[in-house]
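Any read-out appearing in this document is the output of simple, stated calculations on the displayed coordinates, not a laboratory observation. Please read all numbers here as calculations on a predicted model, not as lab measurements.
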Amino acid sequence: MRSDMMNSRIIAWSLYDFANSAFITVVVTFIYGTFFTEVIVGDAVLGTTLWSRAITLTGLLTALVSPVMGAFIDRFGHRKRYLLFWTVTSILMTALLFFPVAGDVLPALIIFVIADLGFELGLVLYNAYLPDIAPEGKLGRLSGFGWAVGYLGGLLALLFCWLVLVKPDPPLFGIPADSFGNIRATNLFIAGWFALFSIPFFLSIRDKKSDQTAEVTTIRSVFGQIIPALKEIKKFREILKLLIARLFYNDGLTTIFAFGGIYAAGTFGFSIEEIFIFGIVLNVAAGSGAYLMGFADDILGGKKTVLISIAGLFCGVLIAVLTSSREMFWVAGVLIGLFSGPNQAASRSLLARLVPPARETEFFGFYAFSGKATSFIGPLLLGIFTTVFHSQRAGIAVLLVFFVIGGVILLFVKEPQKVKR
C-alpha cells in the first residue's frame, strides 16, 4: 500500500475499527448472543425472539438519536468528545455483561442494549471522519482498508477468546469454568480490547474547528437543528435514494450478524467451540473481501460494488436457508462473509462521495438513521416467523426480501462519474 495510505492519522483511524469490531464479532454475533439464547434463556426459540427484541430496541434508539446528534455536532463541534463518551459507555457495559448468569434474562438484555447503543452511536461519529482522512481519489480503498482492519481485529479477538478462555480445560489464568465463567469472561476481554486499541485514535485525531461559537442551552434548540436538515435532505436526491435503499439491504445484513451464531447453534447444532471456528473463518473471508473490493470500489464505483455484494449476500443466505448439509452451510457462511465487508465499506464510501463538505457528521447521522430506522423490522420479522413456524429457517428466509428490495432501489442511484474526495 502506498505511503499516502499509511500515515499516522489513517493508522489511528483504522485502529478504532480494529478495536470496536471485536464487540460485534464476539459479543453480538458469535459468542454472547449464542450464550444468551442457549444458557441465560435456555431455549433457542425463545432466546432468539428475546435477542431480536433487544436488537430492535437498539436500532430504534440509534435511529432516533443519530440524526439529531449529527446535526448538533456539525454545528457546535466536539465530535471527538462525544465519540469518547459513547465509546466509554460501550466498554463499561460490555464489561458488565460478565455478571448475568443462567436465568438473569432482563439484566442481561438491559446491559446489552446500552452497550450496543454506545457502539452504534460511536460508529456514527467514527464514520464521519472518513472524508476528512481519505487521500484524494481513494475513499473506496480507505473505507475497505478500515473494514478489513476491523475484521482482522474481530478475528484476533475471537481467536484469543477461543484459545485462552474457551478451548483450554481448565481455562487459563485460573478462570473458573463453572457457571460458564470462562465464556462470560470473554466480555471482560472484549471491553479491555476495545479500550486499548481505541486509544491511538483519541491521541492522534484532531477535530476541525467549528464555524459556530454559540452554545446550546435548551433541548428545544438542539432539536431545532434537525428540522431544517430533514427538509433539506430532499434536495440531495441521490443521497436520499441511497439511504432508502440502505434501509432494506443493511437491515438484512445486520440481522445476519445478530443471529448468525444463534442460527448455527439452533439449526445446525454447532457447539460453542464450533461457533468460534465458524466466526474465525467468516472474519477472514470478510476482511479479505473488504480489502480487495476496496480497490474495485475506486475503479467500478461504490454503487456497482454494493450491488455485487448484495447479490453475493442473497446467494449466501439462500443456501443457508435451503441446505441441511453442514458442509453447504459452511459455504454459505463464507459467501456471506466475503460480501459483507464490501457491502459495508462501499456503502460508506458511496455516501462519502455524495455528502456535501463540512456536513459529514450530519449526513452520517442520517446514514446511521437509514441503517437503523427500520432495523427493528428484520429482527422482529425473524422473531415472529421463528415463533410462528417454530423454525429458525423460516425466520432467516425473510431476509432475502430485504436484499431484493434494497438492490432494486439502489439501481436508481446516480453516482458521480468522477469524484476527487
**Fill in**
For the range 16-32, Karplus-derived ³J(HN,Hα) couplings (6.51, -1.76, 1.60; θ = phi - 60°; whole Hz; x for glycine and proline) come out as 5, 4, 4, 6, 7, 5, 4, 5, 5, 5, 8, 7, 7, 8, 10, 10, 5
**Item:** 3J(HN,Hα) from dihedral phi, the range 293-299, Karplus parametrisation 6.51/-1.76/1.60, rounded to Hz, x for glycine, proline
**Value:** 7, x, 5, 4, 4, 5, 8
**Message:** With the cut-off at 19 Å, tell me which of the pairs Lys80/Lys241; Lys138/Lys304; Lys80/Lys138; Lys138/Lys241 have Cα atoms farther apart than that.
**Reply:** Lys80/Lys241; Lys80/Lys138; Lys138/Lys241
